[in-house]
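K.L.:
This is the structure I want to talk about, given as structure tokens.
The values are calculated or read from the model by the stated rules, or taken from the named source; none is laboratory data. On a predicted model such as this, the values are computed, not experimentally measured, just so you know. Counting neighbours? That spans all protein chains shown, and the Cβs are built from the backbone with ideal geometry, glycine included.
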Amino acid sequence: MSYIGSLDQGTTSTRFMIFDHKGRVIGQHQLEHRQILPAPGWVEHDAMEIWRRTQEAITGALQQAGIIGSDLSAIGITNQRETTLAWDSKTGLPLHNAIVWQDTRTQSILDTLSEDQKKSMTYKTGLTIAPYFSGSKMRWLLENSAEVRAARDAGTLMLGTMDSWLVWNLSGGVRGGIHVTDVTNASRTLLMNLETLDWDTELLEILQIPRSALATIESSSQVYTQTDPAGPIGSKVPIASILGDQQAAMVGQVCFQRGDSKTTYGTGNFALINTGTSIARSTKGLLTTVCFKLGDQPAHYALEGSVAVTGSAIQWLRDQLGIISQASDIEILASSVEDNGGVYFVPAFSGLFAPHWRSDARGAIVGLTRAATKSHLARAALEAICYQTRDVIDAMSAETGVAVKTMRVDGGITENNLCMQMQADILGIDISRPVIKETTALGAAYAAGLAVGFWADIAELTTQWMESLHWKPSVNDQLRTSGYEQWKKALTRTLNWVE
Ligand code: ADP
């Protein structure tokens with residue numbers, strides 16, 4: 001018997017999952033890492049801590065499955081996107097903490113770009129000009145870290161996203177590790193041209209990023225290299241896929257055809273729709289991104305609506321307000337009241353992402369009366385997840401002319417039955433969750449398995465998708481419309497807050 005291993009390096013945790021030929025999980029291990037918050041709007045990760053967690057997760061999952069590394073036909077990697085780090089090719093050590101996708105410190109760098117530069121950047125990359133993406137984070141590291149500059153001058157600087165850091169370490173690090181990334185991760189940097197699928201010289205010049213420090217951009221599914229036998233896998237196994245987490249979820253949800261879509265509910269929320277092999281450019285605040293590229297086949301593109309704060313608002317209620325002790329408690333608390341009591345919570349902690357793109361927004365709780373309780377706030381937090389999702393799904397339908405009839409969902413929050421019912425009510429469409437809800441890890445496994453012939457083709461994978469849960473709208477149109485109007489009003493209250 002052989003299996004596929006999948007490393008899922010997320011914003012809050014790292015897990016390794018082992019899948020069999022039917023796509024069933026036969027072992028897994030997951031570990032959290034620290035969120036380092038040095039200043040308001042700043043979020044960092046310790047890249048060495050993530051590498052340690054990665055090794056522990058791999059060892060733990062192999063143990064749990066009762067297999068050894070050489071039982072794996074290949075491993076795939078999927079990762080939190082945009083999070084950026086710099087390390088030194090000689091020492092193998094990070095030169096600074098990784099700057100996480102949620103971090104807004106680099107807005108001032110982007111403010112210095114001219115309108116022409118911004119226009120060119122948006123057209124070539126399909127992205128909005130936002131600190132969310134890796135480009136300005138790389139620039140910040142070069143401007144603010146003497147160590148990063150010294151490595152650049154010495155020719156040992158390596159800049160990259162989390163996938164590159166992990167492939168480099170898994171393939172031996174200073175003992176011959178390779179510096180690669182894939183088209184999906186590279187499409188989130190503000191530096192890759194969507195048409196050529198390569199770093200764009202003009203964009204590198206605008207942000208003054210040295211090409212020599214960047215990874216080689218490859219497809220999402222191919223054998224890049226082998227794992228280092230001295231590493232946690234313990235033998236030579238092909239590393240055969242790299243996909244940004246949201247794109248991996250598209251593959252895991254078998255969204256291979258034009259028009260297929262899914263929404264992932266995690267720290268943030270991400271709705272993507274496959275637009276086929278042509279680049280669909282957005283006029284409604286969505287991003288154009290690479291969906292996947294399987295080996296030599298043409299890339300598929302996607303339109304994406306990213307919402308920065310959904311699950312992390314639940315973490316905030318847990319960690320900062322202490323009104324719940326674990327994320328899942330929110331469901332019981334919110335169920336103890338019939339409605340939100342007029343309370344709306346807009347968690348614009350780091351501004352608003354799609355489709356608004358307002359970095360001047362900050363969070364607000366509005367509609368408070370003397371009767372408001374923590375249960376109402378809990379309910380408002382779950383509704384905020386669903387209303388923000390509605391904002392992007394509406395934009396997506398308007399953009400593509402395709403009305404989503406049933407939305408495929410995945411991610412941690414889809415465990416929350418109340419939240420999923422609210423989502424069906426707020427969108428007025430059916431919601432469907434597959435049996436394997438770890439679609440991100442599954443997608444990376446699928447892409448790796450395709451590259452080594454473990455699975456024959458996408459048709460074989462498509463037959464593996466099975467529904468486990470389904471929610472139908474249960475409120476009338478009038479209630480749905482009035483709730484959404486109130487939400488939109490609440491949202492306007494958060495704008496123009498940061499001067
Ligand atoms: P990521 O991959 O982004 O780290 P996950 O898919 O693991 O995220 O989801 C974790 C997020 O979901 C956390 O932000 C957590 O607060 C939230 N979450 C987990 N379980 C629930 C639940 N039952 N109800 C609401 N939110 C939840």
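K.L.:
Tell me which of these Gly351 doesn't satisfy, since it passes every other one: (1) away from the ligand (no atom under 13 Å from the Cβ); (2) farther than 30 Å from Thr373 by Cβ; (3) modelled with pLDDT under 95.
P.N.:
So the condition that Gly351 fails would be (2).
K.L.:
Kindly list the number of the only condition in (1) surrounded by 16 or more Cβ atoms within 10 Å (Cβ to Cβ); (2) not in a helix (DSSP H, G or I) that fails for Ile109.
P.N.:
(2)
K.L.:
Exactly one condition in (1) surrounded by fewer than 24 Cβ atoms within 10 Å (Cβ to Cβ); (2) more than 16 Å from the ligand (Cβ to nearest atom) is not met by Ala327; state its number.
P.N.:
Condition not satisfied by Ala327: (2).
K.L.:
Here are some residues: Thr78, Thr12, Thr106, Thr112. Which one is under 21 Å from the mean Cα position of the chain (by Cα) and under 30 Å from Ala154 (Cα atoms)?
P.N.:
After ruling out the rest, the residue left standing is Thr106.
K.L.:
Restricting attention to helices (runs of 4 or more DSSP H) lying wholly within segment 140-217, give those where 2 or more residues are under 24 Å from Ala447 (Cα atoms).
P.N.:
Helices (runs of 4 or more DSSP H) meeting the threshold: 162-170, 183-186.
K.L.:
With respect to Gln486, is the statement that it is without any contact (Cβ under 8 Å) to a residue 12 or more places away in the chain, over 23 Å from the mean Cα position of the chain (by Cα) and more than 23 Å from Leu286 (Cβ to Cβ) true?
P.N.:
no
K.L.:
Would you be able to tell me the number of residues in segment 134-181 that are within 25 Å of the chain's Cα centre (by Cα), closer than 22 Å to Trp101 by Cβ and among the small types (Gly, Ala, Ser)?
P.N.:
Matching residues across segment 134-181 total 5.
K.L.:
Filter segment 446-489 down to the residues that are surrounded by fewer than 20 Cβ atoms within 10 Å (Cβ to Cβ), of a type in the set (A, V, I, L, M) and assigned to a helix (DSSP H, G or I) and list them by number.
P.N.:
Scanning segment 446-489 gives Ile458, Ala459, Leu479.
K.L.:
On to the next question. In segment 402-414, is there at least one residue being within 11 Å of the ligand (Cβ to nearest atom), over 15 Å from Pro347 (Cβ atoms), in contact (Cβ under 8 Å) with a residue 40 or more places away in the chain and surrounded by fewer than 18 Cβ atoms within 10 Å (Cβ to Cβ)?
P.N.:
Within segment 402-414 (the criterion being within 11 Å of the ligand (Cβ to nearest atom), over 15 Å from Pro347 (Cβ atoms), in contact (Cβ under 8 Å) with a residue 40 or more places away in the chain and surrounded by fewer than 18 Cβ atoms within 10 Å (Cβ to Cβ)), the answer is no, since none of the residues qualifies.
K.L.:
Okay, moving on. Return the total of residues in segment 263-282 being within 16 Å of the ligand (Cβ to nearest atom), under 13 Å from Phe292 (Cβ atoms) and touching a residue at least 60 places away in the same chain (Cβ under 8 Å).
P.N.:
Selection size over segment 263-282: 0.
K.L.:
So, one more: Go through (1) assigned to a helix (DSSP H, G or I); (2) small (Gly, Ala, Ser); (3) more than 16 Å from the ligand (Cβ to nearest atom) and name the single condition Ala334 misses.
P.N.:
(3)
K.L.:
Report, by residue number, each residue of segment 214-230 that is in contact with a Leu (Cβ under 7 Å, 6 or more places away or on another chain) and of a type in the set (A, V, I, L, M, F, W, C).
P.N.:
Matches in segment 214-230: Leu214, Ile217.
K.L.:
I would also like to ask the following. I'm trying to understand the selection: among the residues of segment 456-480, which are touching a helix residue (DSSP H, G or I) at 6+ places or on another chain (Cβ under 8 Å) and either among the acidic types (Asp, Glu) or within 18 Å of Gln257 (Cα to Cα) (or both)?
P.N.:
Asp457, Ile458, Leu461 - these are the residues of segment 456-480 that are touching a helix residue (DSSP H, G or I) at 6+ places or on another chain (Cβ under 8 Å) and either among the acidic types (Asp, Glu) or within 18 Å of Gln257 (Cα to Cα) (or both).
K.L.:
Still on this structure, I have one more. Here are Ala371, Ala361: which of them is at pLDDT 90 or above, surrounded by 19 or more Cβ atoms within 10 Å (Cβ to Cβ) and more than 16 Å from the ligand (Cβ to nearest atom)?
P.N.:
Ala361
Conditions tested, residue by residue: (1) within 17 Å of Leu166 (Cβ to Cβ); (2) within 16 Å of the ligand (Cβ to nearest atom); (3) surrounded by fewer than 18 Cβ atoms within 10 Å (Cβ to Cβ).
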site: Arg53; (1), (2), (3): yes, yes, no
site: Ala65; (1), (2), (3): no, no, no
site: Asp71; (1), (2), (3): no, no, yes
site: Ile75; (1), (2), (3): yes, no, no
site: Asn79; (1), (2), (3): yes, yes, no
site: Leu85; (1), (2), (3): yes, no, no
site: Ser89; (1), (2), (3): yes, no, yes
site: Val100; (1), (2), (3): yes, yes, no
